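*Asks:* Quick one: the structure is below, and I'll ask about it shortly.
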Amino acid sequence: MNDSRPIAAIATASGRGAIGVVRVSGAGAAGLAQAITGRALVPRVATYTPFLDSAGEAIDHGLALYFPAPHSYTGEDVLELQGHGGAVVMQLLLRRVLEAGAEFGVRLAEPGEFTARAFENDKLDLAQAEAVADLIDASTERAARSAARSLSGAFSRQIEALLAELTELRMLVEATLDFPEEELDFLESADAAGRLRQCRETLAGVLASARQGALLRDGLTVVLVGEPNVGKSSLLNALAGAELAIVTPIAGTTRDRITQSIQIEGVAVRVVDTAGLRETEDPVERLGIARTWDAVREADCVLHLVDAREAVTGGLAPGSAGSDRGGISQALAAALGPGVPRLVVCNKSDLLSQGMAGATPEDSADAIWISATTGAGINRLRARLLEIAGGEPGSESTFIARERHLQALGRADAALATAQTCLAQGNAALELLAEELRLAQQALGEITGEMSADALLGEIFSRFCIGK
């Protein structure tokens, strides 16, 4: 992408369509428009015109638009030719553009190169550029809306505000290092400790929103675990609204992972049914159990299913005989990543007898009572999953985020935590404090592209479609 020659590509999806677009960006777009249409185009005005081949014959008729720099998507001169969306006519038009543009050096665009030029010309920052691809790839309405918020700069503005705060802190620390003979303690008088604490609190809020945005982008992976015959497959079928998994009274029916994608209020959720956890000598079942633990380690949320009758008689609290027979809760606690929520789901509540419970117990923060067979409590479970995914009402401020954003925010938080330790040590650790603030600023700068390696940029834009 270091090649600055003008670029051209078909900007619409391949195949038949009512409309197809060929896009050109770079110096010479105005001259190319003259060669293709036979006329000078008025900037930012759609002109109906024939698209001419080298012999002056019409390839197609459509709309031509010319956007002079810097008022265009890429910040360069841009020409868009909108014709009929047939695959052959689009290829003919693109071939004509490359032929007529040879004198201007026009070449085929690489994947994501139009958006890369928008980034290079400060039309978008890196987080906004990534949001373009996320908006195109969005599989649900909420993901699309969140990507649109990131594209409008909602995520970037929060990062820029943090960067501004860190810049001021670094200035204070550097002033203290540069003028050690001054009696005035710059850091104390400017409340550096309070500012640093506020930065961490703000960063924690951004990180929480980013985690929710990552779930909206990638979908929430929910893994169903528990002993054999507690109703995991029945719950998968109930959530999906279809008979996807085989359900029998025989324990150990499910031997391997079964994954089904569903939507809950526009949020993508992947539900993974797994083999029941128990001691067994069956080699096939043991392999299925091993895959269960693999799924748990990859989960965004785990639903630990228990038999409601055993939960009532043995006690619901994790670790009790009723809800953790076989030590499943303890094993889950060891296998789950930090911050991964775990919800105890007491299934088969319809089988509770009056003598056992009198009535189905109330849900709690970490437990919910359902019947996958009758559907009781399934809507409450869906609502709880929606809350975990960040798609509940009132979450309209969520922006889209990627794994690299989460990693950068995590590094920034770790650096600020160390910076607080250094600040507490006084003047002896000022140089270390300055370095940790620099590292935090660098990590945040990677999100918007203020500090990004060329290799990272190449990796990001290579995943775009060619016409974008």
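The values are calculated or read from the model by the stated rules, or taken from the named source; none is laboratory data. Not measured: the values here are computed from a predicted model. Every residue, glycine among them, receives a Cβ derived from its backbone with ideal geometry; neighbour counts consider all protein chains shown.
*Asks:* Would you please name the residue that is modelled with the lowest pLDDT, looking only at residues in the stretch 226-241 that are of a type in the set (A, V, I, L, M) and within 13 Å of T259 (Cα to Cα)?
*Replies:* Going through the qualifying residues, I end up with A240.
*Asks:* How many of the residues making up the stretch 14-27 are touching a strand residue (DSSP E or B) at 6+ places or on another chain (Cβ under 9 Å) and either part of a loop (DSSP other than H, G, I, E, B) or of a type in the set (K, R) (or both)?
*Replies:* 3
*Asks:* Now for a separate question. Failed condition for S4, given (1) among the hydroxyl-bearing types (S, T, Y); (2) free of Cβ contacts under 8 Å to residues at least 24 places away in the same chain; (3) over 25 Å from L124 (Cα atoms), with all others met?
*Replies:* Here S4 clears every test but (3).
*Asks:* Yes or no: A9 in a loop (DSSP other than H, G, I, E, B) and surrounded by 14 or more Cβ atoms within 10 Å (Cβ to Cβ)?
*Replies:* No; evaluated as a whole, the condition is false for this residue.
*Asks:* Let me ask something additional. Collect the residues in the stretch 213-237 that are closer than 18 Å to I264 by Cβ, in contact with a Lys or Arg (Cβ under 8 Å, 6 or more places away or on another chain) and among the charged types (D, E, K, R), keeping them in residue-number order.
*Replies:* Once the filter is applied, which keeps residues that are closer than 18 Å to I264 by Cβ, in contact with a Lys or Arg (Cβ under 8 Å, 6 or more places away or on another chain) and among the charged types (D, E, K, R), the stretch 213-237 yields only R217.
*Asks:* A follow-up question, please. Identify, please: which residue in the stretch 132-150 is assigned to a helix (DSSP H, G or I) and among the aliphatic types (A, V, I, L, M) and is, among those, farthest from T115 (Cα to Cα)?
*Replies:* Applying the filter and picking the extreme gives A143.
*Asks:* Being in a helix (DSSP H, G or I) and free of Cβ contacts under 8 Å to residues at least 60 places away in the same chain narrows it down to one residue among V88, V45; which is it?
*Replies:* On the way: V45 fails: in a helix (DSSP H, G or I).
Every option except V88 fails the conditions.
*Asks:* Of everything in the stretch 46-66, what is surrounded by fewer than 21 Cβ atoms within 10 Å (Cβ to Cβ) and out of contact with any helix residue (DSSP H, G or I) (no Cβ under 8 Å at 6 or more places or on another chain)? Give them in sequence order.
*Replies:* Once the filter is applied, which keeps residues that are surrounded by fewer than 21 Cβ atoms within 10 Å (Cβ to Cβ) and out of contact with any helix residue (DSSP H, G or I) (no Cβ under 8 Å at 6 or more places or on another chain), the stretch 46-66 yields A46, Y48, A55, G56, E57, A58, H61, L63, L65.
Per-residue answers, yes or no, for (1) modelled with pLDDT of 95 or more; (2) crowded, with 16+ Cβ neighbours inside 10 Å; (3) under 16 Å from L32 (Cβ atoms); (4) assigned by TED's automatic domain parsing to the domain that holds G38:
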| site | (1), (2), (3), (4) |
| --- | --- |
| V88 | no, no, no, yes |
| L94 | yes, yes, yes, yes |
| A102 | no, no, yes, yes |
| G105 | no, no, yes, yes |
| A109 | no, yes, yes, yes |
| T115 | no, yes, no, yes |
| E120 | no, yes, no, yes |
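*Asks:* While we're looking at this one, here's another question. Looking only at the stretch 286-308, decide whether some residue is acidic (D, E) and modelled with pLDDT under 80.
*Replies:* no
*Asks:* Output the qualifying pairs, or none if there are none: Cβ atoms under 8 angstrom, residues six or more apart or on different chains, first residue in the stretch 419-438 and outside the structural domain of A408 (by TED's automatic domain parsing), second residue part of a helix (DSSP H, G or I) and among the aliphatic types (A, V, I, L, M).
*Replies:* none
*Asks:* Taking only the stretch 129-168 into account, find how many residues are under 15 Å from A210 (Cβ atoms) and under 14 Å from the mean Cα position of the chain (by Cα).
*Replies:* Selection size over the stretch 129-168: 9.
*Asks:* Within the stretch 51-66, can one find any residue that is modelled with pLDDT of 95 or more and of a type in the set (S, T, Y)?
*Replies:* Yes, there is a match, as at least one residue in the stretch 51-66 is modelled with pLDDT of 95 or more and of a type in the set (S, T, Y).
*Asks:* In addition: Report, by residue number, each residue of the stretch 13-45 that is crowded, with 19+ Cβ neighbours inside 10 Å and within 20 Å of T115 (Cβ to Cβ).
*Replies:* Passing the criteria: G20, V21, V22, R23, V24, S25, G26, A29.
*Asks:* Of L187, L196, L177, L172, which residue is more than 23 Å from the chain's Cα centre (by Cα), over 30 Å from D300 (Cβ atoms), crowded, with 17+ Cβ neighbours inside 10 Å and modelled with pLDDT under 80?
*Replies:* None of the other options fit; the residue is L187.
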